[in-house]
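Each remark here refers to the structure printed beneath this line.
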Amino acid sequence: MIQDYSISSGTLLKGGRQPYGILSCLRRDGMGYTYRAEAIRPNGSTIPVIIREQFMPMCSTRADDGVTVVTPEDVAPTVDTFLKAFIKASEERRKVSLMCPSIIRILDTFHANGTYYYVVEYLRGETLDEYVKAHGPLSFEEAREVLAPIFDAVRTLHSQHMIHTDISPRHIRFQVKNGTKIPVLFNLYYTIHFRDDNMQTWAMSAPHCTEGYAPPEQYTTISNFYPQTDIYALAATLVFALTGRHLPDSRTLDEQEIRAFLPPAFPETYVQALIHALRPDINDRTESISDFREDLVAFYGGTRREQTDEDNDYDTDSRPPLYKRILAWLGNFRGCKK
């Protein structure tokens, strides 16, 4: 069992654009921790955020302060290699998040405590998965309204030689503003980055696969830039939006099963578009967002949020002053909830 070295709830994390109060650990894995936290403004008001910390618990430990990363000399080169990759990926994710408002905003990236962090906005609304389960399947027009902005987000990632690799209804969340639900693509942690020659920028750990949304090639090794990987996940997400059902494992899926999922009166043009985008052989699959949109007959439209300045002081639902609570939190909690 991997030991838990997550930062304790109540800890004040410094080194970024603003100090951050750690609230809880949301997720842990072999490469680090994801925290729910609050950015603390100079006036004491706070804004909810999510923080990702690079940390390899099989290699490193914490110093007595519970925050500083300590790594033995014999494994330091390995840890440093992965840290540099994380830093580069974090900077590239921040850059791309500023290019499209339908991608979750990366608010801050910084060195501190012998490692690196990136901070993303906290989205309060339902996920597409939760919405469909609560309200039922969407019509084709409703699905286009919701997913067209996500197509924009994925096209932007692809323009920067990045693939998301974890698109699903659980990673599309609605930001509610003035009563309007605005879809946003999040969870950039599993993005894979490529050079201009379409070769992977650095070695990755084992691929993450969400059943029903990860195409067959994702269960092996993705070493070249293939937008088709995300095309498959987008098509599977559209099927879910229309049916309320998750497709089975891509390695067993066939055309007959895809047809059985879709509504009987669903136009054959759209059926063919989905079959093309869900083909198991990556070389036979729809190649780009533009091609997929064309197959779906101009899959454009949807409600997008406004593009904001990156120095907007995190204008995402600030709360009443809570800075003094940080002192009270110290020592009252013990890391992640099990």
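Side notes on the structure shown:
- Hits in the range 20-53 (condition: surrounded by 22 or more Cβ atoms within 10 Å (Cβ to Cβ), closer than 19 Å to N187 by Cβ and polar (S, T, N, Q)): none
- Applying a threshold of 8 Å to beta carbon distances and a minimum spacing of six or more residues, or different chains, the list of pairs starting in the range 152-173 at a residue that is farther than 15 Å from T229 by Cα and open to solvent by less than 10 Å² (accessible area, probe 1.4 Å) and ending at one that is of a type in the set (F, W, Y) and in a helix (DSSP H, G or I) reads P169/F240.
- Any chance S250 is within 19 Å of D230 (Cβ to Cβ), open to solvent by 30 Å² or more (accessible area, probe 1.4 Å) and among the polar types (S, T, N, Q): no
Per-residue answers, yes or no, for (1) under 27 Å from E142 (Cα atoms); (2) at pLDDT 95 or above; (3) crowded, with 19+ Cβ neighbours inside 10 Å:
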{"site": "E91", "(1), (2), (3)": "no, no, no"}
{"site": "K95", "(1), (2), (3)": "no, no, no"}
{"site": "M99", "(1), (2), (3)": "yes, no, no"}
{"site": "N113", "(1), (2), (3)": "no, yes, yes"}
{"site": "Y117", "(1), (2), (3)": "no, yes, yes"}
{"site": "E121", "(1), (2), (3)": "yes, no, yes"}
{"site": "G125", "(1), (2), (3)": "yes, no, no"}
{"site": "L128", "(1), (2), (3)": "yes, yes, yes"}
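- Subset of the range 54-74 that is in a strand (DSSP E or B) and aliphatic (A, V, I, L, M) - its residue that is farthest from Y189 (Cα to Cα): V70
- Taking the criterion of being within 14 Å of P183 (Cβ to Cβ) and either within 16 Å of the chain's Cα centre (by Cα) or touching a residue at least 12 places away in the same chain (Cβ under 8 Å) (or both), the residues of the range 122-141 that qualify are L123, R124, G125, E126, T127, L128, D129, Y131, V132, L138.
- Tally of residues being in a helix (DSSP H, G or I), open to solvent by 10 Å² or more (accessible area, probe 1.4 Å) and under 23 Å from D196 (Cα atoms) across the range 211-228: 2
- Cβ separations smaller than 9 Å between residues 6+ apart or across chains give the following pairs from the range 50-76 residues that are hydroxyl-bearing (S, T, Y) to residues that are part of a loop (DSSP other than H, G, I, E, B) and open to solvent by 50 Å² or more (accessible area, probe 1.4 Å): S60/P72; S60/G114; T61/Q3; T61/P72; T68/G114; T71/G114.
- Residue selected from the range 206-242 under the condition among the aromatic types (F, W, Y) and under 17 Å from V132 (Cβ atoms), by the criterion nearest to the chain's Cα centre (by Cα): Y213
- The residue list V79, V146 contains one member that is in a helix (DSSP H, G or I), open to solvent by less than 70 Å² (accessible area, probe 1.4 Å) and touching a Cys at 6+ places or on another chain (Cβ under 9 Å), which is V79.
- The residue list A233, A241, A265 contains one member that is small (G, A, S) and either open to solvent by 60 Å² or more (accessible area, probe 1.4 Å) or at positive phi (or both), which is A265.
- Failed condition for Y189, given (1) at pLDDT 95 or above; (2) in a loop (DSSP other than H, G, I, E, B); (3) more than 23 Å from F299 (Cα to Cα): (1)
- Where a residue in the range 297-309 is closer than 12 Å to Q175 by Cβ and its partner, wherever it lies, is at pLDDT below 75 and open to solvent by 80 Å² or more (accessible area, probe 1.4 Å), with Cβ under 9 Å and at least six apart: T308/D315
- Residue count, the range 1-15 (criterion: out of contact with any Leu (no Cβ under 9 Å at 6 or more places or on another chain) and either modelled with pLDDT under 95 or not hydrophobic (A, V, I, L, M, F, W, C) (or both)): 8
The values are calculated or read from the model by the stated rules, or taken from the named source; none is laboratory data. Treat the numbers as computed from the prediction; the structure is a model and nothing was measured. Positions of Cβ are backbone-derived with ideal geometry, glycine not excepted, and every protein chain shown enters the neighbour counts. Accessible surface is based on the protein model in full, side chains and every heavy atom, while ligands, DNA and RNA are left aside. Shrake-Rupley method; radii C 1.70, N 1.55, O 1.52, S 1.80 Å.
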